Amino acid sequence: MAEIKKIVLTGGPCAGKTTALVKINEYFSGMGYKVFMVPEVPTLYSQGGWNYLTPNRNLYYEGERAILETQLALEDSFQRLAEVCTKPVLMVCDRGTMDISAYMKPEEWEEITAMCGSDSNRLRERYDAVLHLVSAADGAEQYYTTATNAIRYENADEEGLRLARELDKKVIKAWTGHPHLRVINNHDDFDAKLNRVIKEISNVLGLPQRVQEERVYRVEIVGEIPECTESDIIQTYLVAEPGCEVRLRRRIWDGKVVNVHRTKKRISDTEQIETERQVNNNLYKSLLQQADPYRQTIHKHRRSFIWKGQYFEIDTFLAPIDNLVMMETKGIAEQETVNFPPFIKVIEEVTGNSRYYNYTLALRK
């Protein structure tokens, strides 16, 4: 059976998803992959006359249930096609199962998933990666338009922009907990956004990537962080061969737990290969026996959020040190300006300073 990787391309309204899908198909087909594009199911129902804004609650409920059932069936059909291919397969889902939950009350979503014999955790596990493109309504308002989608309900006015930003954050929250969720920022140059999509998919496929440092800052939090996702992270480094870094991470949020095993290996001064896989609790406990005796376990509290179209993560370290707060940008191009939030005071930039690498901070004194 061919090697199959399945990703979700999602995002808020007017995020550039349609253009990105064309770019993905063209690029990876040229790299020798059979690319399958699973169409966006909610759009099929909307074009057929269903509207999630209907005041008829029964119609709304049955519509959302039908969308989930169709999404699952369509993905499974493409999976069967992929399994008989001779070339490696990249399956790209134009939105995925968890997107549906962003439009529903939690209790309704739980009821519908149970009817389909599943739940949120199992639905996330269907995919190898999730790429979320940030809506142009957040940080690139001048490019926000409804012209590219005749059934978009968020208009290009102040209220429409607010609704689009709100929906954008709901979709990210729905996918939070997936071990390979990547949020793709808005950029001054849209090509930079598309290139980040290609880079993240290449990473999932195990293709060598140019070594790039995300910008990292030592900071103080001087105000309330609005609409952030909070989680606790326990990070253990495992014994590994020279030139290879192996990390075991447990992330806890809202009572849920996700464990991820990551291997990062440099193959030259400029390229590296990084692989991630989710592991269950039993395997997590077993792998802990391979903990590097020269490094301590890192425990930190993470807050993730979007500010003016850019995605940030702030880590407050709890152990083995407890007086350090770090902020990392995600996918901001080298030539772009960072939109520092007003509730953050930057003490210094430490990008590329190995003293502040988690791998270094874990060293036993």
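A few notes on this one:
- Carbon plus sulfur fraction of accessible area for the chain, probe 1.4 Å, in percent: 48 percent
- Mean Cβ neighbour count within 10 Å, used as a protection proxy, ranking 77-84, 17-24 highest first: 17-24, 77-84
- For ILE172, the solvent-accessible surface with a 1.4 Å probe is about 10 Å², rounded to the nearest 10.
- Look at the alpha carbon pairs under 8 Å that are at least 6 residues apart: their mean separation over the length of the chain gives a relative contact order of 17 percent.
- Distance between modelled label sites at GLU107 and GLU230, nm, 7 Å Cα→Cβ extension: 2.5 nm
- Sequence-separation-based contact order of the stretch 191-271, relative, with Cα cut under 8 Å and 6+ spacing, percent: 22 percent
- Ordered from largest to smallest accessible area (heavy atoms of protein chains, 1.4 Å probe), the residues THR229, THR97 come out as THR229, THR97.
- Relative to the current alpha-carbon distance between LYS199 and ALA291, full extension at 0.36 nm per residue lengthens the span by 30.1 nm.
- Kirkwood-based Rg to Rh ratio, the chain, C-alpha trace: 0.95
- Per residue value of the accessible surface for the stretch 1-93 (all protein chains in place, 1.4 Å probe), Å²: 48 Å²
- Prolate/oblate/rounded call for the stretch 4-143, Cα gyration tensor, a/c under 1.5 rounded: oblate
- Remark: relative contact order (the stretch 8-115) = 41 percent; criterion is Cα-Cα distance under 8 angstrom and separation of 6 or more residues.
- The angle between the Cα long axis of helix 106-115 and the longest principal axis of the Cα atoms of the chain comes to about 70 degrees, rounded to the nearest 10.
- The length gained by stretching the chain between THR70 and GLN47 to full extension, at 0.36 nm per residue less their Cα-Cα distance, is 6.8 nm.
- Residue-wise HN-Hα couplings along the stretch 348-354, as the Karplus relation 6.51 cos²θ - 1.76 cosθ + 1.60 with θ = phi - 60° gives them from phi, are 6, 8, 10, 4, x, 7, 4 Hz; Gly and Pro carry x.
- Solvent-accessible ranking of ASP168, ASP94, largest area first, probe 1.4 Å: ASP94, ASP168
- Cα long-axis angle, helix 17-30 against the chain (0 to 90 degrees, to the nearest 10): 70 degrees
The values are calculated or read from the model by the stated rules, or taken from the named source; none is laboratory data. Just so it is clear, the structure is predicted and the values come from calculations on it, not from any experiment. Here Cβ is always computed from backbone atoms with ideal geometry, including for glycine, and neighbour counts include all displayed protein chains. We work out accessible area using only protein heavy atoms, side chains counted, and drop any ligands, DNA or RNA first. Shrake-Rupley method; radii C 1.70, N 1.55, O 1.52, S 1.80 Å.
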